[in-house]
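Worksheet for the structure shown next.
The values are calculated or read from the model by the stated rules, or taken from the named source; none is laboratory data. No experiment lies behind these values; they were computed from the predicted model shown. We place every Cβ from the backbone using ideal geometry, glycine too, and count neighbours over all the protein chains shown. What goes into the accessible areas is simple: the full protein's heavy atoms, side chains included, and nothing from ligands, DNA or RNA. Shrake-Rupley method; radii C 1.70, N 1.55, O 1.52, S 1.80 Å.
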Amino acid sequence: MQRLSHLLNKPNLWIVILLLAANGAAWIFALTPQMTRVVEPRLEPDLADLRQKLIEGGHSGERFTIVITNQEAEETIAWYLQGHPNVPFANPRVQIHPGYVEAWGEARLAGLRIDLHGRARVELRDEKPVVIVEELGLAGLVVPDAVRQRIQQELDAQFDLSDQQLPVILSRFELQEGQAVIEGTIR
């Protein structure tokens, strides 16, 4: 009995027990089906109209304004994901705030469903949108800065628009509470 008492007084034992419990809780959370909100895949109407005009051609010089709400952003992301089944992401949720966007969803990695959370700013540079990842979380844990910076580098490389001419010239990209306002001109 005294040996057990001596063992329970060791702080390292308690640290190991806490780490094992936290690890077990994380696995239970990752493997337990969660109630998810299903978002209808639908391209936001103003984006659909702009897309159609770009496909048709002959609209050079026309100005456009697009206002996208939180729900419309979620539906547009779901629409995009529906057409790209190789992207291991589902159930998007978006909240647009002044100056930044928060997004949640699920990733499927190695057969596991992992909750994701991100926060990003979007800026216009040379009439093109640039996404800056400010925060990234997986399964409720914040990803370390070094990992976030590496992911930012990959995003920058994948979406490098510096040498490409977009079919639109963006003059405004403003994030307001609950919506994004995008204005520009068709090239």
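Details
- Listed by first and then second residue, the pairs linking a residue in segment 82-95 that is more than 21 Å from Thr69 (Cβ to Cβ) to a residue that is of a type in the set (A, V, I, L, M, F, W, C) and modelled with pLDDT of 90 or more, with Cβ atoms under 6 Å apart and 6 or more places separating them unless they lie on different chains, are Val87/Leu81.
- Selected residue (only one of Glu177, Glu127, Glu134 is over 21 Å from His97 (Cα atoms), open to solvent by 40 Å² or more (accessible area, probe 1.4 Å) and not small (Gly, Ala, Ser)): Glu127
- Filter pass, Leu20 being assigned to a helix (DSSP H, G or I), aliphatic (A, V, I, L, M), open to solvent by 90 Å² or more (accessible area, probe 1.4 Å) and at pLDDT 60 or above: yes
- Members of segment 70-80 found to be open to solvent by 50 Å² or more (accessible area, probe 1.4 Å) and either among the hydrophobic types (A, V, I, L, M, F, W, C) or within 20 Å of Leu170 (Cα to Cα) (or both), listed by number: Ile77, Trp79
- Set Arg148, Arg113: member being crowded, with 16+ Cβ neighbours inside 10 Å, over 12 Å from the mean Cα position of the chain (by Cα), in contact (Cβ under 8 Å) with a residue 60 or more places away in the chain and over 22 Å from Arg42 (Cβ atoms): Arg113
- Failed item in (1) surrounded by fewer than 17 Cβ atoms within 10 Å (Cβ to Cβ); (2) touching a residue at least 40 places away in the same chain (Cβ under 8 Å); (3) within 23 Å of Pro41 (Cα to Cα), with Arg108 passing the rest: (2)
- One residue stands out in segment 31-50 among those that are open to solvent by less than 70 Å² (accessible area, probe 1.4 Å), assigned to a loop (DSSP other than H, G, I, E, B) and within 25 Å of Val181 (Cβ to Cβ): the one that is modelled with the lowest pLDDT, namely Val39.
- Cβ-Cβ under 9 Å pairs, at least 6 apart or on other chains, segment 121-139 side closer than 28 Å to Glu106 by Cβ, far side exposed (fewer than 15 other Cβ atoms within 10 Å of the Cβ) and among the basic types (Lys, Arg): Val130/Arg121; Val131/Arg121; Ile132/Arg121; Val133/Arg121; Glu134/Arg121
- Flag for Ala120 being under 30 Å from Asp49 (Cα atoms), in contact with a Phe, Trp or Tyr (Cβ under 8 Å, 6 or more places away or on another chain) and surrounded by 15 or more Cβ atoms within 10 Å (Cβ to Cβ): yes
- Hey, Val168 touching a Gly at 6+ places or on another chain (Cβ under 6 Å), open to solvent by less than 40 Å² (accessible area, probe 1.4 Å) and under 21 Å from Thr65 (Cβ atoms) or not: yes
- Look at (1) in contact with a helix residue (DSSP H, G or I) (Cβ under 9 Å, 6 or more places away or on another chain); (2) surrounded by fewer than 13 Cβ atoms within 10 Å (Cβ to Cβ) and you find that Arg63 fails only one, number (1).
- Test: residue in segment 81-89 that is at pLDDT below 90 and open to solvent by 80 Å² or more (accessible area, probe 1.4 Å): yes
- Among the numbered conditions (1) among the small types (Gly, Ala, Ser); (2) open to solvent by less than 40 Å² (accessible area, probe 1.4 Å); (3) in contact (Cβ under 8 Å) with a residue 24 or more places away in the chain, the only one that Gly57 does not meet is (3).
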